[in-house]
Amino acid sequence: MKNKGVTLYFMRHGETYYNRFGKMQGWSDMPLTKEGRLDAIRSGLGSKDIAFDAVYTSDLRRTVETAQLFLRDNEQSRDLTVNMMPEFREVFFGGLEGLNVEDIWPELYKNIQDEITSVNGRDIQAELNGLKEMDPEHLAENFMEFWLRVEKGLLKVINRHRETDQNILIVSHGMTIRNILHELVPEFELSEPILNASLSIVEYRDGHYHLQTLNQTHHFALRKEAEERDFDLLPMQIFE
């Protein structure tokens, strides 16, 4: 007999204006663009047959709005309360927030090139530690500051839903999701970014995490289906 577990659906928010303009976006609270809203709806239309039992987001508007748009066509889940958790925020970039991505990342990799040992040229810990050093205010989160925050939120969700066989939606941010997957799934390797409104599905069972789907967008409905759709706001609360 198969033991009960829980399935986590990690979703990145839709495109924001800072995404479109190539700006560093951590705790900066940018709204979704029109395309970002449409992609959230398209992702939701393609997932509307999945019965979600709970939904968690960061407390930044781009994830909350994405969750609302994603679930609006899901008759089984559209009345769920959105549980906002600061633990699931994006990495905080401190004094680098709002600066041009194309100015920051090349400089970062020049600074940390001797610390990178992975085959795909990405080293999460070196990246975040390097960004903190680049921040003139040194307010940006280093890897340990970031991960202790995120892990605390993840454990809250796991402890609440473990061994329930429930489907849990967690709408968060690109680097946050990538780093969660990197820490939880031993075989995880990803050199490209987590895509806007994509789904990455992880099953937790018997104390182990199993990656089922990574960076999935093939389920998106056609853009035409998502256009000019109205939606009702879902109730929200801070989950503690």
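Details
- Label point at residue 17 placed 7 Å out along Cα→Cβ; residues across segment 42-68 whose backbone nitrogen lies under 15 Å: 61-62
- Antiparallel content of DSSP bridges confined to segment 6-238, in %, to 5: 45
- Using 0.36 nm per residue and subtracting the Cα-Cα separation, the extra length available between residue 152 and residue 224 on full extension is 21.9 nm.
- Under 18 Å from residue 48, Cα to Cα: lysines that are on another chain or at least 8 residues apart: 224
- Straight-line reach from residue 156: taking Cα to Cα under 23 Å and skipping same-chain neighbours fewer than 8 places apart, the lysines in range are 4.
Here, each number is a calculation from the coordinates, and none is a lab measurement. Nothing here was measured: the structure is a model prediction, and the numbers come from that model. Neighbour counts are summed over all protein chains in view; Cβ atoms, including those assigned to glycine, are modelled from backbone coordinates with ideal geometry.
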